[in-house]
1. Working only within the range 69-91, note down all residues that are open to solvent by less than 40 Å² (accessible area, probe 1.4 Å), hydrophobic (A, V, I, L, M, F, W, C) and within 17 Å of residue 192 (Cα to Cα).
2. In the range 167-214, what residues are in contact with a Phe, Trp or Tyr (Cβ under 6 Å, 6 or more places away or on another chain), open to solvent by less than 10 Å² (accessible area, probe 1.4 Å) and either closer than 22 Å to residue 128 by Cα or aliphatic (A, V, I, L, M) (or both)?
3. Can you find a residue that is assigned to a strand (DSSP E or B), in contact with a strand residue (DSSP E or B) (Cβ under 6 Å, 6 or more places away or on another chain) and modelled with pLDDT of 95 or more anywhere in the range 147-160?
4. Which helices (runs of 4 or more DSSP H) sit wholly inside the range 268-358 and have at least 2 residues that are at pLDDT below 95?
5. I need a count of the residues in the range 215-251 that are of a type in the set (Gly, Ala, Ser) and surrounded by fewer than 22 Cβ atoms within 10 Å (Cβ to Cβ).
6. Give the residue, chosen from 225, 178, 151, that is β-branched (Val, Ile, Thr) and within 22 Å of residue 41 (Cβ to Cβ).
7. Please verify whether the range 284-296 includes one or more residues that are open to solvent by 80 Å² or more (accessible area, probe 1.4 Å), in contact (Cβ under 8 Å) with a residue 60 or more places away in the chain and within 15 Å of residue 226 (Cβ to Cβ).
8. Taking residue 257, is it assigned to a helix (DSSP H, G or I) and of a type in the set (Ser, Thr, Tyr)?
Amino acid sequence: MRTQPTRIRIVALLGAAILLSPTTASAFTIGTGFSEGCHERITAAAYQDFLLQLPLTTIEVPEGDVWRRVGAFLLDEAGVSRRSLSDEQFFLATSLLVGVRSPDTDGHAVLNLEAVRSLHTDPDPEGQYAHALRAVSDDFELGDVAAVAGTRAVILAEMEAGREAAQLLPEEQNERVTIFFDFYGVIEVQVWSPAYRLGRAAHALQDSFSHTIRDEADEFRTILTVLNFADAVAGTLRESRDGLPHSNALDSCDERTEGTFQAASRASRDLFIASRDFFRGRNLDAVQSVLDAWVRYREGCNEENGFCGNERWLEVLREEPTGPFLCAVGWKTTAWGEVTQRCFLALIAVTFWRRRRKR
């Protein structure tokens with residue numbers, strides 16, 4: 001028979017688990033104590049060959065072991081062995097993975113529902129485009145056009161910031177950023193700016209596979225419609241105007257989304273390869289070419305025509321569409337001690353229901 005303290009720990013973990021569902025992260029999930037690191041896995045699958053081919057003579061590895069400890073954790077999360085990497089490669093990989101995670105946390109805890117929710121309901125269009133989502137003002141088919149253009153602009157801006165950093169003297173190319181580890185806290189860590197910015201750009205590119213319906217017939221290169229998180233979570237979404245809702249099912253990296261996962265890895269690899277010349281100023285069209293290949297939009301595909309033969313992906317989306325957060329109305333604080341008992345028990349009940357449904 002379990003003791004009362006054990007029951008309390010189980011209840012706490014179950015409550016945290018539902019708060020950390022992909023609805024909260026609103027992207028290919030990042031790695032936490034409760035969720036799988038899809039972004040880390042996609043990035044690792046894309047960058048390993050690229051990493052070994054880079055000339056790293058301009059990278060200054062910082063002193064201290066804070067970034068090494070952070071890097072060891074992130075590489076382990078991504079399934080990458082540290083032993084085969086030089087210090088320069090290790091620092092670049094760490095910087096890249098910190099960048100890939102940052103748009104989903106912005107230095108906040110994944111457990112801090114209000115902080116993470118605010119990132120993904122940001123009314124500023126760029127706040128949505130950083131995750132390849134529709135902005136609140138992106139309505140009807142023109143909303144798809146605006147969202148795709150906005151996502152491309154965000155990727156280009158991050159890549160340009162990386163290129164500018166790469167033009168600095170080696171001793172000026174590192175910067176300090178924050179990263180949050182749940183149950184530990186905020187850590188300030190040094191990163192190599194070009195790789196960090198590349199990671200942030202890759203995050204938006206990867207999200208353009210989990211936050212859209214793409215054409216499977218052309219290996220997921222063409223976007224047919226862009227999903228909506230902000231209106232869905234606010235409970236104001238009208239599909240005919242605002243587009244389809246964000247979907248937890250499309251955010252997962254399992255057998256349902258194997259195709260988009262692999263395509264996101266190929267697109268990320270192409271972006272990483274393009275960055276080599278782009279950051280050196282040798283080919284300023286390299287990133288644009290990647291976007292033309294992977295972030296392009298086709299008009300005329302909608303639910304009436306099965307999104308041009310991609311009904312299966314609509315079916316996957318409908319398995320777990322995003323809706324308003326439980327207990328979000330009137331919830332002014334996220335401190336654990338101030339969550340009402342009724343709300344907390346509702347979270348636990350939903351968790352058990354989700355687990356039983358998946359068996």
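1. Within the range 69-91, 70, 74, 75, 85, 90, 91 meet the criteria.
2. 189, 206, 210, 213, 214 - these are the residues of the range 167-214 that are in contact with a Phe, Trp or Tyr (Cβ under 6 Å, 6 or more places away or on another chain), open to solvent by less than 10 Å² (accessible area, probe 1.4 Å) and either closer than 22 Å to residue 128 by Cα or aliphatic (A, V, I, L, M) (or both).
3. For the range 147-160, residues assigned to a strand (DSSP E or B), in contact with a strand residue (DSSP E or B) (Cβ under 6 Å, 6 or more places away or on another chain) and modelled with pLDDT of 95 or more: absent.
4. 341-358
5. The number of residues fulfilling the criteria is 5.
6. 151
7. Within the range 284-296 (the criterion being open to solvent by 80 Å² or more (accessible area, probe 1.4 Å), in contact (Cβ under 8 Å) with a residue 60 or more places away in the chain and within 15 Å of residue 226 (Cβ to Cβ)), the answer is yes, since at least one residue qualifies.
8. Spelling it out, residue 257 is indeed assigned to a helix (DSSP H, G or I) and of a type in the set (Ser, Thr, Tyr).
The values are calculated or read from the model by the stated rules, or taken from the named source; none is laboratory data. Keep in mind the model is a prediction, meaning the values are calculated, not measured. Backbone-built Cβ (ideal geometry, glycine too); neighbour counts: all protein chains shown. For accessibility, only protein heavy atoms count, side chains too; no ligands or nucleic acids. Shrake-Rupley method; radii C 1.70, N 1.55, O 1.52, S 1.80 Å.
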